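The values are calculated or read from the model by the stated rules, or taken from the named source; none is laboratory data. These figures come from a predicted structure and were not determined experimentally. Positions of Cβ are backbone-derived with ideal geometry, glycine not excepted, and every protein chain shown enters the neighbour counts.
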Amino acid sequence: MEKNNMSKKLSVRPRRLRASEAMRRLVRETHLNTDALIMPYFVTEGEGVREPIESMPGQFRFSVDTLIRELKETSELGVRAILIFGVPGEKDTKATSAFSRGGITQRAVSAVKENFPDLLVITDVCLCAFMSHGHCGVINEKGEIDNDASLEILAEVALSHARAGADMVAPSDMMDGRIHAIRAALDAQGFENTSIMSYAAKYASAFYGPFRDAAHSAPASEGKIPSDRKTYQMDPANRLEALREMELDLSEGADILMVKPALAYLDIIRDAREAFRVPLAAYAVSGEYSMIKAAAERGMLDEKSAVLEAMISLKRAGADILITYHAKDIARWIRSSSREAAAFGTF
Ligand code: PBG
């Protein structure tokens, strides 16, 4: 008797909308789409190079020629945007190889645009991989990271990427005022239409560890400067400061804002989505990639399900654009799941 009464009262049953694959698809609120994906690539000197990155299983350092071969597959999978990180042969204290015409990034960009004119080419604009000390700015005589002196070099770097044919530049250095400096330099040279995706809310994160191995860009201790980036990247404890950084970058001319890392910063993504009316990117960084890879290699979780779940959470939080080393895999998975339909339910 009591049992009957109970079920009579239960007129609202959320499980009804989960009853079948078709029903779940019908009421799904968030979707993954290859159009939103950006695949990062590390490009290095030499020829015929396809060097595995130890800290990032499944990722490689490509020379320009092998990158071109690789991109055939990438674009066939439907990934339409890539982010290029130059890994130079030579470093100094002025990051000269970051802005030289024949630099690795510049050569990679020209070759990619020549072979794949429709592929959106974005470049990381930073100095760390090109500096002997691995910091994102220049160190002056006082032994400090000199913000304003760094701006001049960053603007030069961005301009050299635009000249090589980059569609978009993505400054990741976290110096103050760099969006303004870059925008002004681009505009002055006729690159008004080169867009800027700002690593606006970029935290001083342990999750960049594998990247620094990949790009040989770990910061060294230099005099009073410690071997971390805490004086320029943001404190992971801060939320309001992220809004302030993003507001500033927008006012300086950023076209797209980015939150980085992604999974540990979903609240920041949501805040940004609610505060700003520009496209928002989330960067699932190297450590996020390698964590899943490592756990999957040990059989602790299923790579595909874990990655797709993490990605959909970024979209749900409010990200429009997903930068991820899993971009190619995701494109492949989305394709086969729409073909197999019911075989893989969730996405
Ligand atoms: C360069 C840069 C870094 C990343 C993107 N651009 C490393 C850093 O700030 O030390 C991290 C990307 C990743 O971990 O995947 N400043």
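For region 300-338, name all the residues that are in contact (Cβ under 8 Å) with a residue 12 or more places away in the chain and of a type in the set (S, T, Y).
Of everything in region 300-338, those that are in contact (Cβ under 8 Å) with a residue 12 or more places away in the chain and of a type in the set (S, T, Y) turn out to be S305, S313, T324, Y325.
Filter region 307-333 for residues that are small (G, A, S) and farther than 17 Å from I53 by Cβ; which is farthest from the ligand (Cβ to nearest atom)?
My answer is G318.
Output the helices (runs of 4 or more DSSP H) that fall wholly within region 273-347 and possess 1 or more residues being modelled with pLDDT under 95, or say none.
Values: elements: 286-297, 303-317, 327-340.
It comes to 327-340.
For region 66-87, what are the residues that are in a helix (DSSP H, G or I) and touching a residue at least 40 places away in the same chain (Cβ under 8 Å)?
Once the filter is applied, which keeps residues that are in a helix (DSSP H, G or I) and touching a residue at least 40 places away in the same chain (Cβ under 8 Å), region 66-87 yields L67, I68, L71, E73, T74, S75.
Criterion first (under 19 Å from R332 (Cα atoms), modelled with pLDDT of 95 or more, within 21 Å of the chain's Cα centre (by Cα) and aliphatic (A, V, I, L, M)) does A36 satisfy it?
So A36 fits the description; yes.
Mind checking which residues of region 246-267 are more than 16 Å from the ligand (Cβ to nearest atom) and not in a loop (DSSP other than H, G, I, E, B)?
M246, E247, L248, L250, S251, L266, D267
What residue, of E47, E90, E51, is modelled with pLDDT of 95 or more, out of contact with any Leu (no Cβ under 9 Å at 6 or more places or on another chain) and either in a strand (DSSP E or B) or polar (S, T, N, Q) (or both)? Talk me through it step by step, then tell me what you get.
Details: E47 fails: either in a strand (DSSP E or B) or polar (S, T, N, Q) (or both); E90 fails: either in a strand (DSSP E or B) or polar (S, T, N, Q) (or both).
Unique residue meeting the criteria: E51.
Is region 203-213 home to any residue that is at pLDDT 95 or above, buried (at least 18 other Cβ atoms within 10 Å of the Cβ) and not in a helix (DSSP H, G or I)?
Scanning region 203-213, I find at least one residue that is at pLDDT 95 or above, buried (at least 18 other Cβ atoms within 10 Å of the Cβ) and not in a helix (DSSP H, G or I), so the answer is yes.
Residues are listed down the side, and each one gets a yes or a no for (1) touching a Cys at 6+ places or on another chain (Cβ under 7 Å); (2) hydrophobic (A, V, I, L, M, F, W, C); (3) surrounded by fewer than 15 Cβ atoms within 10 Å (Cβ to Cβ):
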residue: R28; (1), (2), (3): no, no, yes
residue: D35; (1), (2), (3): no, no, yes
residue: S55; (1), (2), (3): no, no, no
residue: R61; (1), (2), (3): no, no, no
residue: T66; (1), (2), (3): no, no, no
residue: R69; (1), (2), (3): no, no, yes
residue: L83; (1), (2), (3): no, yes, no
residue: R101; (1), (2), (3): no, no, yes
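Which condition does R101 not pass, out of (1) of a type outside the set (F, W, Y); (2) over 30 Å from A295 (Cα atoms); (3) at pLDDT 95 or above, if it passes all the others?
(3)
Answer yes or no: is there a residue in region 183-192 that is away from the ligand (no atom under 12 Å from the Cβ) and in contact (Cβ under 8 Å) with a residue 60 or more places away in the chain. Can you show your working first?
So the first thing to find is which residues in region 183-192 are away from the ligand (no atom under 12 Å from the Cβ), and the list is 183-192.
Still in the running and in contact (Cβ under 8 Å) with a residue 60 or more places away in the chain: 183.
Yes, region 183-192 has at least one match.
When you scan region 229-245, do you find a residue that is more than 11 Å from the ligand (Cβ to nearest atom), touching a residue at least 60 places away in the same chain (Cβ under 8 Å) and part of a loop (DSSP other than H, G, I, E, B), even just one?
Within region 229-245 (the criterion being more than 11 Å from the ligand (Cβ to nearest atom), touching a residue at least 60 places away in the same chain (Cβ under 8 Å) and part of a loop (DSSP other than H, G, I, E, B)), the answer is yes, since at least one residue qualifies.
Considering only region 159-173, I want to know if a residue exists there that is touching a helix residue (DSSP H, G or I) at 6+ places or on another chain (Cβ under 8 Å), touching a residue at least 60 places away in the same chain (Cβ under 8 Å), of a type outside the set (G, A, S) and part of a helix (DSSP H, G or I).
Looking through region 159-173, at least one residue is touching a helix residue (DSSP H, G or I) at 6+ places or on another chain (Cβ under 8 Å), touching a residue at least 60 places away in the same chain (Cβ under 8 Å), of a type outside the set (G, A, S) and part of a helix (DSSP H, G or I).
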